[in-house]
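Peer 1: This is the structure, below, for whatever I ask next.
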Amino acid sequence: MSAALSSGRHVVVLVSGAGTNLQALIDATNSSDYGVRIAAVGADRHGIEGLDRAERAGIPTFVCRVADFPTRADWDVALAARVAAYEPSLVVLAGFMKLVGANFLAAYAGRTVNTHPALSPSFPGMHGPADALTYGVKVTGCTLFVVDGGVDTGPIVDQQAVRVAPDDTPETLHERIKVVERAMLVDCVGRMVREGYAVDGRTVRVGAR
Ligand code: GRF
């Protein structure tokens, strides 16, 4: 059962919004075969559905708001400390709309993944689906990557493609990407935690244990 999992199988998930990616992870952890325990869910803001989803699942939550600290660097130190309290082996940014900074990465570089709704290196940043539509690409998708100091630039764990429909809006395209993104996230986080992984330059190999 997940309660008996070693701390090496604990993850902390950080969210900023609806938390449908988080929900997919929560649902997966209901099966003991999945082998992952969500030790806590953190957010950079109050009043979001992502936190409600965690609370409904009985998962501890915390909020660490940039506005509550004198500087962004102070926030980054505090965020790393809140996460560290749960001793996760992996930190999952699932729709977390803040860039983590140098202090966070000093503790969790190589152990933090983020999901992005575009095929990196195309369309980094906050508006991946809209930017893909504006450019006129026919195929876009999602990317899971190991977080580094850049904006959606880290070594790629996995990518999945999604075709753009002629009548897509940024919203319809993003919703279709999110269906694929949730499955990719659940699959990759499960395998990374259960089987281990190695990051060698820009190459991520899952199942390296
Ligand atoms: C995802 O598409 C993620 O890649 C992007 O924001 C979305 C979050 O969705 N950064 P949700 O909060 O998990 O529903």
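Peer 1: What's the magnitude of the charge dipole for the range 100-192 around its Cα centre, counting Lys and Arg as +1 and Asp and Glu as -1 at the beta-carbon? Answer in Debye, nearest 20.
Peer 2: Values: 7 positive and 10 negative charges, 47 e Å.
It comes to approximately 220 debye.
Peer 1: What are the residues whose amide H is under 5 Å from the amide H of Leu14, where those residues sit 5 or more places off or on another chain and H is modelled from the backbone?
Peer 2: Gly42, Val92, Leu93, Ala94
Peer 1: Moving on. Taking a temperature of 20 °C and a viscosity of 1.002 mPa s, what whole-number D in µm²/s does Stokes-Einstein yield for the range 25-162 with Rh from Kirkwood over alpha carbon pairs? List each step's numbers first, then the result.
Peer 2: Numbers: Rh = 16.2 Å.
Taking Rh from Cα pairs, D becomes 132 µm²/s.
No value in this document is a laboratory result; all are computed from the given coordinates. Quantities reported herein were computed from a predicted structural model and do not represent experimental measurements. Note that each Cβ is placed from the backbone with ideal geometry, even for glycine, and that neighbours are counted across all protein chains shown.
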